[in-house]
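Enquirer: Structure below; questions to follow.
The values are calculated or read from the model by the stated rules, or taken from the named source; none is laboratory data. Predicted model only: the values in this text are computed from it and were never measured. Backbone-built Cβ (ideal geometry, glycine too); neighbour counts: all protein chains shown. For accessibility, only protein heavy atoms count, side chains too; no ligands or nucleic acids. Shrake-Rupley method; radii C 1.70, N 1.55, O 1.52, S 1.80 Å.
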Amino acid sequence: MNKTVLIYSSHNCCHYIHNDRIVQRALGGWSNKRILFLPISEGVHADGDESSSQHFGFSKFSWFFDKYKNYGLEVIPFYFSSHLKRSDVDHLIYLLSTSEVALLGGGQSSLGMERYRWMGQHFYNDPGLFDRLFFERQINGLYTVGFSAGADQLCEYLVAAAYTFLEDPGGFGLAKDVMVTLHFEPGREGDVQHIAQRFGNCLVFGLPNDSGLAVAQGWLDSGNMYQVIEFIIDETWDIPREQFHIKTRQGVLIEHSYSDGRHWAFNGGDHIIRIIDPQTGSQRAWMYLGGHFIDYWTQQESGYSSIEEIFANH
C-alpha cells in the first residue's frame, strides 16, 4: 500500500528514516528524483533576518542528502521571504506539484501556516491554495514528509490548539484526524492524554526520537475513507555521546492515549487500520499487532485476518 505521508520526530539524520523512508522514496520516483525541502516555518532572527534560520534549518539535512548526489538525488530548498515575487511562488507551486518528495522542516508551526496562507492570499487571493496543493500531492501518490513543525502541520490540528486559543488551529490535514506531540519521553504521558481528551475525534500519539508514522489513506468503493498508519521505530543513530537523545534506543515506544483515558504503546511494524464514514464522521479501527488484528476499542481479537478483509466488509 502506497504511503503518501510520513510524520516523524528525530534528534538528527537517523539512517533508517532518512535513507530508507525518505531518500529511497525520492530515488524511486518515476518522473524525478527530487526532494523539495521547505524550511518555511523557521523563525526570524533577532536582527530581522528572515533567511538565516531557514538556511541553517536546511543545513541540518543537506550534509546527509549530499551523499546521494551520485545516485541522482536532487534536493531543492525553497526559502520564504516577505519580498517574494509572484514568479518565485509560481515556481514553488510547480515544484510542490511535481516533486516526488516534499519535506516540511522545523521551526514554529503557526508561523509556517501563516506564511503558506499569506503566499496564497497575497499572490492568488486564495489563502487555502497550499492546503489544496498538498492534498493534490496525496491524491497523485506523491510523498509528503513532515519533521518537527512540519510533522505538526501535516496533522488535522496543530498541537498548540490543545493548550491555547488559535484563530486558525487547523493543519493541512493530510493525516486525517491524527495529532502528534514530538520528542516524547517518559513522564509526558499526561500531555498525550490531554490532547486526546481535547480532540476526541483524533488519534493522538507521542513520538519519541527517533520514530514516526507512515500513513496511507484513500477511498473505498463503499464511499468510506480508509486510513492505514504504520508505526516506525528507528534505532540507527548510534553516536555514543548522543544516546541520551535517542529514546527509542532506550526502549521508549510510541505513546498513544484514547479519548477515554486508556493508553497503548506501539512498536515498529505495528499498524492501525481505520474506516471513517464521511457522512456521519463515525469511525471503526483495528490494531495490527504481531500478526493479529485487534479491535481498537475493545482490545480483543477481531476475527479479521487481513487489511483487505476489513476493507471488503466496510
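Enquirer: Tally Lys/Arg at +1 and Asp/Glu at -1 over every other residue whose Cβ is under 9 Å from the Cβ of residue 181; what's the total?
Expert: Local net charge: -2.
Enquirer: To continue, here is another question. What FRET efficiency would be calculated for the residue pair residue 242, residue 168, taking the C-beta separation as r and a Förster radius of 30 Å, to the nearest 0.05?
Expert: Calculated value: 0.25.
Enquirer: Given a cut-off of 26 Å, name the pairs among 33/67; 3/85; 85/176; 69/176 whose C-alpha atoms lie farther apart than that in the structure shown. Mind showing how you got there, number by number?
Expert: On the way: 33/67 14 Å; 3/85 34 Å; 85/176 33 Å; 69/176 34 Å.
The pairs that break the limit, which is 26 Å between Cα atoms, are 3/85; 85/176; 69/176.
Enquirer: Compare the Cα positions of 145, 256, 207 along the charge dipole of the chain (+1 at Cβ of Lys, Arg; -1 at Cβ of Asp, Glu; about the Cα centre) and return the one farthest towards the positive end.
Expert: Checked the options; the winner is 145.
Enquirer: Report Rg(Cα)/(2.2 N^0.38 Å) for the range 1-80, keeping two decimals.
Expert: Ratio of Cα Rg to 2.2 N^0.38 Å: 1.19.
Enquirer: In Å and on Cα atoms, what radius of gyration and Dmax does the chain show?
Expert: Spelled out, the Cα radius of gyration and Dmax of the chain are 19.1, 61 Å.
Enquirer: Now, a different point. Taking 8 Å as the Cα distance limit and 6 or more residues as the minimum spacing, I'd like the relative contact order of the range 158-314 as a percentage.
Expert: Numbers: 276 pairs, mean separation 28.4, N = 157.
Reported as a whole number, the value is 18 percent.
Enquirer: In the chain, what percent of the accessible surface is made up of carbon and sulfur (1.4 Å probe, ligands and nucleic acids excluded)?
Expert: 51
Enquirer: Taking the range 38-192, how much of its Cα-Cα pair set, in percent, is spaced more than 22 angstrom apart?
Expert: 43
Enquirer: Something else: Take the alpha carbon atoms of the range 238-303, find their center, do the same for the range 190-205, and report the distance between the two centers in whole angstrom.
Expert: Centre-to-centre (Cα) distance: 13 Å.
Enquirer: At 7 Å along Cα-to-Cβ for each site, give me the label-to-label distance between residue 88 and residue 66 in nm.
Expert: Label at residue 88, label at residue 66, 2.5 nm between them.
Enquirer: Roughly how big is the chain's charge dipole about its Cα centre, with Cβ charges of +1 (Lys, Arg) and -1 (Asp, Glu), in debye to the nearest 20? Walk me through the numbers on the way to the answer.
Expert: On the way: 23 positive and 37 negative charges, 105 e Å.
About 500 debye.
Enquirer: Excluding residue 245 itself, what net charge comes from residues whose Cβ is under 10 Å from its Cβ, given Lys and Arg +1 and Asp and Glu -1? The partial results should precede the final answer.
Expert: Numbers: positive: 241, 247, 249; negative: 185, 210, 242.
Computed value for this residue: 0.
Enquirer: Ok, one more. Per residue, what accessible area does the range 75-199 have, given a 1.4 Å probe and all protein chains present, in Å²? Intermediate values should be presented prior to the final figure.
Expert: Working: 5080 Å² over 125 residues.
The answer is 41 Å² per residue.
Enquirer: Can you work out the PRE-style zone for residue 124? Point 7 Å along Cα to Cβ, and I want the residues of the range 59-102 with backbone N under 19 Å.
Expert: 78-102, by backbone N distance to the label point.
Enquirer: Quick check: Cα centre of the range 1-70 to Cα centre of the range 96-136, how many Å?
Expert: Centre-to-centre distance over Cα atoms comes out at 16 Å.
Enquirer: Another question, if that's okay. Quick one: grab the alpha carbon gyration tensor of the range 238-314, order the square roots of its eigenvalues as a ≥ b ≥ c, and give me rounded if a/c is under 1.5, else prolate or oblate depending on whether a/b is larger than b/c.
Expert: prolate
Enquirer: How big, in percent, is the set of alpha carbon pairs in the range 138-280 lying more than 25 Å apart?
Expert: Every Cα pair in the range 138-280 considered, those over 25 Å come to 27 percent.
Enquirer: Could you calculate the contour length gain from residue 32 to residue 136, that is, 0.36 nm times the residue separation minus the distance between their Cα atoms, to one decimal place in nm?
Expert: Here the answer is 35.7 nm.
Enquirer: Further question: I'd like the antiparallel share, as a percent to the nearest 5, of DSSP beta bridges with both residues in the chain.
Expert: Of all bridge pairs located within the chain, approximately 65 percent are antiparallel.
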